Amino acid sequence: MNLYHEFRQRSDLNGIKADTLTIALAGQPNMGKSTIFNLLTGLNQHVGNWPGKTVEKKEGEFQHNDHTIHLIDLPGTYSLSANSPEEIIARNFILKEKPDLVVAVVSAANLERSLYLVSELIVLETPLMIVLNMIDVAEQEGFTVDAKILQAAIGVPVIPMIASRASGVRGLLDYFDQFIEGKLEFYPRLPKISADHQHVKELIDQLIDGFVPDFYPKNWASMKLLEGDPEIYDILKSVLPLERWEMIDDILKQHEDAGLAIASGRYEWIERNVRAAVNRPKLGQVGLTDRLDRFATHPIGGLILLAVILGLTFWLTFSIGTPIQEWMDSKILVPLGTLAQVWLIDAPAWVISLVVDGVIGGVGAVVTFLPIIIIFFAAFGFLEDIGYMARAAYVMDNFMHWMGLHGKSFLPLFLGFGCNVPAVMGTRVIESWPARILTIILAPFVPCSARLAVIAFLAPAFFGSNAFLISWGLILSSIVILMIVGVILNKIFFKGERTAFIMELPLYHIPNLRSAMLLIWQRSLSFLKHAGTIILMMSIVVWALSEFPGGNLETSFLAQIGNFVAPVGEWMGLDWKLTVALITSFMAKENAIATLGVLYGRTAEFGLLETISMTYSPAVGLAFMVVTLLFIPCAATVAAIKQETGSWKWTMANIVLMLAVSIGVASGVYAIASRLGL
Amino acid sequence: MQSLPVIPLADLKSGESATISALKAGRNINARLSTLGFTPGVMIYMTHNYGHGPIVVTVRDTRIALGRGEAQTILVTREKE
């Protein structure tokens, strides 16, 4: 077999002479790939984006014996088609950057499905190893897999692992050693298109012979053509002589079903390889996952469970996070401000004000939200890691349909309760572009922890013992508004289009603690980076507006802006101070309180809460809380929306939409509430 | 053997098994489904079907949630009891 021979030559190992070798980690989602990446690289890793794409790129390095191993974590994909940017990135990295070795992670519990990616990787002519992960999960579901038999069948090394317990790492490193020393045997058996289409494949092979660019294996290119791969189609169309191309195009048109024949061929290859290696559970034996799912995916029971889990998550987040936040505020920020004043004693007054009010006040306020956000991320990450979040998406699917979305959009929206920035970035899990745009636009309607904190602070000032009820009412209302806006936008702009809902429900399993901590660390770090850059800049801008021209807030540019837009504020019953507080919430939502603190704090002998409750009627308070909940997204979220949509048009549309909705709803609330005599 | 009737996957009840006979969605959805293991001839098990809303099936040991619309485009023949 021709291809087999070529492959053999490339990896006919004289050993790796260079000091550094590049290894790419490939695998489908939910295979524990990230855990393996984290086990190998530890903290020595870098998270960024693939060039020009909004797809996360993780790479790291570790020393092993005398070698530096550069590890690239390829995006998790089910296949290597050209249907998503992740898949194109993964395959082009392997084909064009040519790593020394590809390690494919598969799950012993979903062996057939997870080997599908291997059936695509194995034809790429790069040395390949398979990590057989999640042996424990397989046993929990009643499966056993023999790695040696699998290795003999496929013809590449198969290394058993339980990454979540860090078991099997040494075995993997031993194989790296053998690979470096050139002692490994590769004799891969390759999958073929199913028999009924073999002749078509041969025809295409002949027609493209001699024209395929060097980095594409010929066998692979013809498979991709038959699969209807748009990228390879365009490339070959541009390099082939016209008459040859027309012949190919004709064949492709006649065999549109060839894609299915290729997938079938790959699964036939998989079935042959696993037949002897896998022991299946006895019929009628019900695994842990199915037992839990009887409740978790039940249309009513599942919703109740979801509500309980969400409630617990919020309770945990705020009952642990809020005291830490208050502690940071009083024990770190306030002393830091005092310290800065002492240090800067000889500096001009405006420098002191810039550092204390602008930088420490603005950025500090955001940083104190870190505990709340970390706890929320941890809870969310845990639910995701054990496999529950896919069930939440499943039971929410019906509700999401009203907005033309499906269950997957629920996950980023839920993340929005912590912070809207990761919510907007989290929309990357949604395959269809219109559904993703719509989810991004709706994400800022989810009240984030900063806005929840503003509500929690203000509600007692106006509603005393009813504050709890009012707060919950406000939060529920903003979710109802989210749904109404979603339904309308879907009808008008997205023409009620429905996108396909196809989602894996992973097996329940216990996650690796170290890996989970690392993920929380990364998410927190990226949040801090935002706080460090955008929010710092915005803090300084807002500070400057409140300081100049005269050094007095009441005559500052900010007050002038407040007075200028005061007529709009009046619709909602807001005076210029509340209007200014609202405007500064654009920098960071909790600034609404900070600004009121500045505006009232200097003179009053009462606390801020008492002053506010004496100054404003409950109707004004209610309108202010409503408009704060729905107001334009904070600067960091706006930046995230711009980054993810890549378009100022959508970003501005989002701002205008939220401005209109917030002012409209708050005006209505004020009119009704004051009629009712509040 | 007389040929068994071909029905949409969505018509299977919870706990029933069937064999996939054809995928009738568009090319892209077919590709995504076949990647996940929905290929003609494979056994499929209806894990949850509550008569409305999305369903859960088990195919090649993997549980997959499908919208009812998608489940209409997958044609199956029921396993004989």
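Structure data summary
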read-out: Filtered residues of the stretch A:74-90 (kept if away from chain B (no Cβ under 14 Å), open to solvent by 10 Å² or more (accessible area, probe 1.4 Å) and under 14 Å from residue A:24 (Cα atoms)); value: A:75, A:89
read-out: From A:62, A:93, residue being surrounded by 18 or more Cβ atoms within 10 Å (Cβ to Cβ), away from chain B (no Cβ under 14 Å) and either free of Cβ contacts under 8 Å to residues at least 24 places away in the same chain or under 19 Å from residue A:224 (Cβ atoms) (or both); value: A:93
read-out: Those strands (runs of 3 or more DSSP E) lying entirely in the stretch A:12-120 with at least 2 residues of a type in the set (Gly, Ala, Ser); value: A:20-27, A:101-107
read-out: Residues (more than 21 Å from residue A:595 (Cα to Cα), in contact (Cβ under 8 Å) with a residue 24 or more places away in the chain and not in a helix (DSSP H, G or I)) located in the stretch A:609-668; value: A:646
read-out: Any hit, the stretch B:41-52, residues being over 26 Å from residue A:106 (Cβ atoms), open to solvent by 30 Å² or more (accessible area, probe 1.4 Å) and more than 12 Å from chain A (Cβ to nearest Cβ); value: no
read-out: Any hit, the stretch A:662-678, residues being under 23 Å from the mean Cα position of the chain (by Cα) and surrounded by fewer than 17 Cβ atoms within 10 Å (Cβ to Cβ); value: no
read-out: Single match in A:304, A:300 (criterion: open to solvent by 70 Å² or more (accessible area, probe 1.4 Å), within 14 Å of chain B (Cβ to nearest Cβ), over 21 Å from residue A:457 (Cα atoms) and without any contact (Cβ under 8 Å) to a residue 12 or more places away in the chain); value: A:300
read-out: Residue count for the stretch B:3-20, restricted to those that are under 13 Å from residue B:73 (Cα atoms), of a type outside the set (A, V, I, L, M, F, W, C) and not in a strand (DSSP E or B); value: 1
read-out: Output for the stretch B:15-40, where each listed residue is within 8 Å of chain A (Cβ to nearest Cβ) and of a type in the set (Val, Ile, Thr); value: B:29, B:35, B:39
read-out: Residue match in the stretch A:524-535 (condition: over 30 Å from residue A:678 (Cβ atoms), modelled with pLDDT of 80 or more and not assigned by TED's automatic domain parsing to the domain that holds residue A:635); value: yes
read-out: One residue from A:188, A:217 being crowded, with 17+ Cβ neighbours inside 10 Å, touching a Phe, Trp or Tyr at 6+ places or on another chain (Cβ under 8 Å), more than 30 Å from residue A:385 (Cβ to Cβ) and in contact (Cβ under 8 Å) with a residue 40 or more places away in the chain; value: A:188
read-out: Counted residues, the stretch B:53-81 - those being outside any strand (DSSP E or B) and either within 8 Å of another protein chain (Cβ to nearest Cβ) or closer than 20 Å to residue A:271 by Cα (or both); value: 7
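The values are calculated or read from the model by the stated rules, or taken from the named source; none is laboratory data. Values in this document were obtained by computation on a predicted structure and should not be read as measured data. Using ideal geometry, Cβ is built from the backbone for each residue, glycine included, and neighbour counts are taken over all protein chains shown. SASA here: full protein model, heavy atoms, side chains in, ligands and nucleic acids out. Shrake-Rupley method; radii C 1.70, N 1.55, O 1.52, S 1.80 Å.
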